Amino acid sequence: MPAPESVRWGRKRVLPVCPNPLFLKWLTELRDDAKEKGLKIQFTYQKAINSLNKYPLPLRSAKEAKILQNFGDGICKILDDRLQRHSRENGTVLPGHGRQRAELLGEQTTKQRSVPEIRSGGCFCLFLFIFVCFLQVPGHKGFMFKMELQAEAQSLCDGSCSAPDLGRKHSIWSSVRTLIQKNLVVKTHNPARFSLTEEGRVLAERLAAAAEEEEEEEEEEVVDLTGSADEEEEPQVLTADDDDEGPPVSQTASGMSGERLLPGSFDVVLCVDFIETTGGARHRKQELVRELQRNGVAFDVRKLNVGDFLWVAREKIPPVPGALRVPAGRELVLDFIVERKRMDDLCGSIIDGRFREQKFRLKRCGLQRLIYLVEGGGASASHLSLPEATLQQAVVNTQVVDGFFVKRVQDVRESAAYLTIMTRYLSKLYQNRTLTRRSRELEGDAGADATGSPSCSLISFEEFNHGAVKNKCQTVREVFARQLMQISSLSGDKAAAILERYSTPHSLLAAYDRCSSEAEKEKLLAGIRCGKLQRNLGPALSRTVYQLYCSDGALS
Amino acid sequence: MSVLRRAKEWEISESEGSDVEPEPSPNRRSETQSGAPLSESSSCTTASPARRRRTKEEIEADRQRTKERKEAREMQRAARAQEKEERRREQQRRREAAKELKKLRPENCIRSLNISIDPALLQQEDSDLLLDTLALLEWRFTIESQQISHSITWTRDLPQQGDEGQSSVEEDQVVLVLTLADFLDVVICVKEMLGSEGDETETGTGAVLSPLLECLNRDAKKVVTMLVTDFEADYSSRTEARSEGFPEQRLRSKLGMKNLDIEEVLVYLQLYKNISVVFLVSWQDVTDHVCAVTKALSKRPFKLLTEPSELPFCVDGSWAAGARVDRDGSGLGLVWSRQIQQLNRVSPAVASAVTESFPSPRALLQAYQKLESEAERKGMLTGLLVKTEGKERRIGAEISARVYRCFTAQNPQLVLD
C-alpha cells in the first residue's frame, strides 16, 4: 500500500492506513495461495482486495463486508470463519477496531476526506453518506429524486474525481444499480424516487456515526485541490442524448432549482429532432435542414423524446484557452414545443392510434405552449385513406379540444420559414429576460397561460428530455392497470377504480384468498364504483376477473 | 305470559263468555298491536270481574312491554324505510347524473350550442351557403351583432340547476372571416407596430385590428382564428385554386408582399395574440370550417369530463383494445398472454413462452411458491426458451425478475425496470 504522504494528481486523497488489516491480510493470503496453485480464483480475491482498499471505515463483521463490490457469499463466509477462529484464539477483536481505529482517526490529516474517491467500491459509501445526510435533516421527505441524487453526487465528486464526466456519471449510476441489487436502496414511483431499505438505513446510520467522528477541516483543503484540478482537466462536450440511467450533467450544472440565466448570457437555439432529418423520404427531410441552414438559423439536431421541434436557451460559454472543445453550457427549454405533421402522417397516425397518444404525451411534457404544425392540405390530402373532411376535423379538434395552436403551412419550405421566424421572434421575446431554472420533480408544473407573457421559469433540457422518454420505467401499479384493461369492456376508468381498492396483483390475489367461498370471490369486485357516474363494476366483469385470477387449470 | 293469564282465567272462570275471547296467538299479537292489549284488558273488565282481575302492575307491565316492542318495530320499520328512501334517492341522483352526462354527449351537446353570426358577414354574396348548411343540419344559429365585426362566436346552454333560468356560457373560439383587403389592413398595422418597437399591448390603428385587439385585451382567453378568403375572385379562378390545392400561394401573391413579410406577421399574431390564420378559397371552405369548429365544441365538454387522468398513460391505443371473454371464461388465455406483454420490452413470443409453461396466473404463482429462495423465484423464468424465427433464445434474467416483481410486489409504486 502506498505510504500516506504524497498527494499525486489523479488521487486527491491520501490513502490511509487500512482500517481492516485482518481482512486484508487474510484475503492477501488467500490470493497468494491461489496464485501459487494457478487457480483462477486468485483474480476474484484480488478484486475483493481492491475494493477493500478503497473502503475507509472499519468493518465490524464479515457480513458487513458484503456491501462492497466483489464481496459475495463465498468470500464473506471464509472471512467469517477466519474471524471466528481469530476471536477464539485472541479474544474478541473486531477487525479494524481498537488500536487501528484510533490510529486511523488520529492519523487523519486535513488532506483526507471522509468520502472516498468515486470508483467502484467507494461509491457505496458515497451514496449512503448522501442519504444519511438528507435523512438526518428533520422533516425530510424520506427519498431523493434522480436529479437531486445526481446533483449531490456531482458536488461531492467534483473535488476528488479526475475521471472524465461521462465516466463519472456511469460510475454513479452503476453504483446506484448495485445498491438496488444489494437491497440497500429501492427505486419507486414515476418520476423515480430513491430511498433506503431497512438494511440500507441501518448501514447508512452507522456510516454517518463513523463519519461524524472525523474531522471536517478537510473541506477547505479539498476546495484548494479542486480549484487547481479543474484547470488541468480537459473540458468535454457532452452529447445531449443518453440512453444510460442518468441524464448527462454538464460540468457547471451542479446546482438545482433557482439557478438563473441573466439577460445576454444565453442564446436561443432551435432544436430539431433527428428523426425529422433522416429516414423515409430522405431528400425531403434533409431539405428542412438545408432550408434552415440557408436561413441562417441557429439550430441543433438532437434526439427529442417528445415533439419534433423546440427551443432552448443555451448559456453562452467562451472557449477555454488551450482546449479545442467548448464546455457545454446550461440549457433551459423554452415553453414552446412543435409537433409537425404532414397530411399523410396525420392520416397514418389516426388509423393506427398514435395520434391521440402523441397528443397525450405532448400535453404532459411540462411545456405549456403546444403547437401543431400541419403541412400540406388540399390536393395532398385528397388521395389518402381517410377523407379530407375527417382529417380537417382532426386538425380542428386538436385546436378546440386539445388546446394546441394550429399552424398550417403548405410545404417543407414554409415549415422551415416558420421555424426560422419563430426562432428570431423568440430570441427577441426572451432577450431581456432573466430565466430561472425550475425542477419539475421538485416543484411540479407551472400553470397554463396561453396569451400572457411566456413563462421565464423553465425546466432544464436534460430533465425535460429525460422525463419524456417513451418507454419509461413502469411501476407495479401502472402495469397492473394495463393488465386489467386487457379484458374487453374493462375500460380505463374501471381499471382505475379497481386500482383504488387493490393497487397490486398481490393485493387482489390476497383478497381472493381471504374469501370464504367461491361465490364470494366471484362477487368480490362487483360493487366497486367506477368513473364519474360511480357505476358498479357489475357481476359479469367481477366474475371474469375472478375466473382469470382464481382458475387453477389452464386458461383457454 | 298470556298463557299464564289464561290459565288463571280458565281456572277461575265458570262462564262461557271468556272462551269467546279472540285468539291471543303470538301472530295476532304482532299484527294488531294496540288492539290486543286493550281488547284483552277491556274484555277482562267486561267479562266476569273476579277471575279476570289482573294486577294493575301486570297490566301496566304488559302495556309497557307491548309498547316497547311496538316502538322497536317502529324503529326498525323507519330505519328500513329510510334506507329504502336513501337508496331511491341515490339511484335518482345517479340517474340524473347519467342524464346530465348524456346531455353532454356530443350528439346531444350540439343541440345546446348556438352559433352567433355577425350581420356584416351576410353582406357577402355567398354567405347564404353558411346559413343554408346550418339550417340543413338543424343547428341553432342567430344573426346578431358581435363584439368583433365579421365574426362568428358560440354559446352553450348549461344544464338547468333547479329553478334557475337557462344560463349559457360563451365559448372561447372566435372565427373571423376577412376579405383579402381586410387582411392586408391587418398586415400593414402589425408591421407598423413591429416597426415602431412599441408596447406590445398597444391596440394598433387598423379598422380591423384595433377592435380585435381591444377585445382580446379584455378577454385573454379567446382563441381567434382568422379565415382569409378572396371573395373577389371569380368562380373559375377559385376552382383553379382548389385543384392546385394551395390557395395560400395565390392569396399571398395577390397581397403583393414577400412571403417572409407575411410570415412575420403571422408569427407575431401567434406569439403575442394567440391568433391563427387560415387561407381559404371560398365560402364553402368557410362553412366547412365553421361546422368543424361546432362539432369540436360539441365534443369538448364530454371529453373533458370523462377523461380519466388518474392513470399515468394514455388509455387510447391498440394495446388497450382488450380480448373478448365469454361467460364460461374462454378467451382468458389470450388475456393472460396480453397481460404479460404489458411489461416493457416483452414481445408476444416471450409472452407465449411464459403462458405455455404457466397457463394461468395461479399456475405461475403456485410455481413461485414452490421455490424456496427469492433468488430462485426471481430467476424462475430465465431459462424458458422463446421461439423466434430461426434461433432459439432464452427469456433471460431481466424479464424473469420483472415478471416476478410484477406479480408479487406489495408496493404499488415499486419500479420494475
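Using 0.36 nm per residue, how much length does the chain from residue B:411 to residue B:210 gain when fully extended, once their Cα-Cα distance is taken away?
Numbers: separation 201, 0.36 × 201 = 72.36 nm, distance 5.94 nm.
Gain on extension, residue B:411 to residue B:210, equals 66.4 nm.
Note down the magnitude of the dipole of region A:21-87 about its Cα centre, charges +1 on Lys and Arg C-beta and -1 on Asp and Glu C-beta and zero elsewhere, to the nearest 20 debye. Don't skip to the answer; put the middle values down first.
Working: 13 positive and 8 negative charges, 23 e Å.
That gives region A:21-87 a dipole magnitude of about 120 debye.
Could you tell me which trypsin sites (Lys or Arg not before Pro) in region A:312-393 are loop residues by DSSP with no more than 10 other beta carbons within 10 angstrom of their beta carbon?
Working: sites: A:314, A:316, A:325, A:330, A:340, A:341, A:342, A:354, A:356, A:359, A:361, A:363, A:364, A:369; in loops: A:316, A:325, A:330, A:364.
Here no loop site has a sparse enough neighbourhood.
Points 7 angstrom from Cα along the Cβ direction at residue A:197 and residue B:357: gap in nanometres?
My value for the distance between the label points is 2.4 nm.
Place a point 7 Å from Cα of residue A:356 in the direction of its Cβ. Which residues in region A:512-555 have their backbone N less than 20 Å from it?
Only A:530-535 pass the distance filter.
What is the order of B:192, A:375, fewest Cβ neighbours within 10 Å to most? Intermediate results must be reported in sequence, preceding the final value.
On the way: B:192 15, A:375 21.
Exposure proxy ranking, most exposed first: B:192, A:375.
Does anything in region B:315-348 have its amide N under 17 Å from the 7 Å Cα→Cβ label point of residue A:469, and if so which residues?
Counting backbone N atoms under 17 Å from the label point, the list is B:343-346.
Starting from the amide H of residue B:386, placed 1.01 Å from N in the peptide plane, find each other amide H under 5 Å away whose residue is 5 or more places distant or on another chain.
Residues meeting the criterion, in which the H sits 1.01 Å from N, are B:393, B:394, B:395.
Need one number: nm distance between label points at residue A:390 and residue B:125, each 7 Å from Cα along Cα→Cβ, rounded to one decimal.
Here the answer is 3.6 nm between the modelled labels.
How high is the FRET efficiency between residue B:394 and residue A:325 when r is their beta carbon distance and R₀ equals 51 Å, given to the nearest 0.05?
Details: r = 43 Å, r/R0 = 0.84.
The calculated FRET efficiency here is 0.75.
As an exercise, take the mean of 1/r over every pair of distinct alpha carbons in region B:335-403, invert it, and state the Kirkwood radius in angstroms.
12.2 Å
With label points built 7 Å along Cα→Cβ from the Cα atoms of residue A:262 and residue B:221, find their separation and express it in nm.
Taking the two extended label points, one gets 4.0 nm.
Is region A:476-550 best put as rounded, prolate or oblate by its Cα gyration tensor, with a ≥ b ≥ c the root eigenvalues, rounded for a/c under 1.5, and otherwise prolate when a/b is larger than b/c, oblate when not?
It comes out oblate by the Cα gyration axes.
Do any trypsin sites (Lys or Arg not before Pro) in region B:297-349 lie in a DSSP loop with no more than 16 other beta carbon atoms within 10 Å, and if so, which?
B:324, B:327, B:345
Between residue B:87 and residue A:536, what FRET efficiency follows from the Cβ-Cβ distance if R0 is 22 Å, with the result rounded to 0.05?
0.95
If R₀ is 41 angstrom, what is the calculated FRET efficiency for the pair residue B:188 and residue B:94, using the beta carbon separation as r and rounding to 0.05?
Rounded to the nearest 0.05, the efficiency is 0.10.
Bear in mind that the values in this text are calculations on the coordinates, not laboratory data. Nothing here was measured: the structure is a model prediction, and the numbers come from that model. When we count neighbours, we look across all protein chains shown, and the Cβ atoms used for this are built from the backbone with ideal geometry, even at glycine.
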